[in-house]
Amino acid sequence: MTGELASRYRLVAEAPGVRDYLALRERSGLTPRTEEQATAALPGSWAACHVVDGETGATVAMGRVLGDGGWYFHVVDMAVLPDHQRRGLGDAVLKFLLATIREKAPAGAYVNLLADPPGRRLYGRHGFTETAPGSIGMALVLD
């Protein structure tokens, strides 16, 4: 996996730390989360990785998979800091996550995600297709 990244970057096969996770979400434009949410969420990852900038030591990209280990897998938290976008980091993260699912999940795995506009081309290149109108994403945010 790391061979696809510029030598400046290193892919780490685990979720980032809580502080880096929160900073990446906020600085990349994802909905900010609390430390309590991050502390509970990160250990629940079925698979995860992050990318470190070797020049600064900063975590600059990440992605996670939530899953039951059998057939259902949901890609979440795909984020790349703005100053590091367009360098193949999102592609490398997604390739790592999908390779992990292919390697560890039984045949017939169903992988889904919610695609915000900036990521749709990336996901399409990896074979994701829109499910509407057959099914649509729905959400409920609890207070």
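The values are calculated or read from the model by the stated rules, or taken from the named source; none is laboratory data. From a predicted model like this one, the values you see are computed outputs, not experimental measurements. Please note: Cβ atoms are built from the backbone with ideal geometry, for glycine as well, and neighbour counts cover all protein chains shown. Areas reflect the complete protein model, heavy atoms only, side chains present, ligands, DNA and RNA absent. Shrake-Rupley method; radii C 1.70, N 1.55, O 1.52, S 1.80 Å.
Assorted remarks:
- Solvent-accessible area, 1.4 Å probe, carbon plus sulfur percent, for the range 66-143: 55
- Over the chain: helical MRE at 222 nm, DSSP H runs n ≥ 4 each giving -39500 (n - 2.57), nearest 500: -8000 deg cm²/dmol
- Low-density loop cleavage sites - GluC sites (Glu not before Pro) in the range 1-77, where at most 16 other Cβ are within 10 Å (DSSP): E14, E55
- Checking (1) 16.1; (2) 15.2; (3) 15.7 against the coordinates, the calculated Kirkwood radius over Cα pairs in Å falls under label (3).
- Sequence of D83, D143, D116 from largest to smallest accessible area, 1.4 Å probe: D143, D83, D116
- R0 of 22 Å, Cβ-Cβ distance L114-R33: FRET efficiency to nearest 0.05: 0.90
- Per residue, the convex hull spanned by the alpha carbons of the range 1-42 comes to 87 Å³.
- With protein chains left intact and a 1.4 Å probe, residues in the range 16-143 average 62 Å² of accessible area per residue.
- Between M138 and A13, the FRET efficiency from the beta-carbon distance, with R0 = 25 Å, is close to 0.20.
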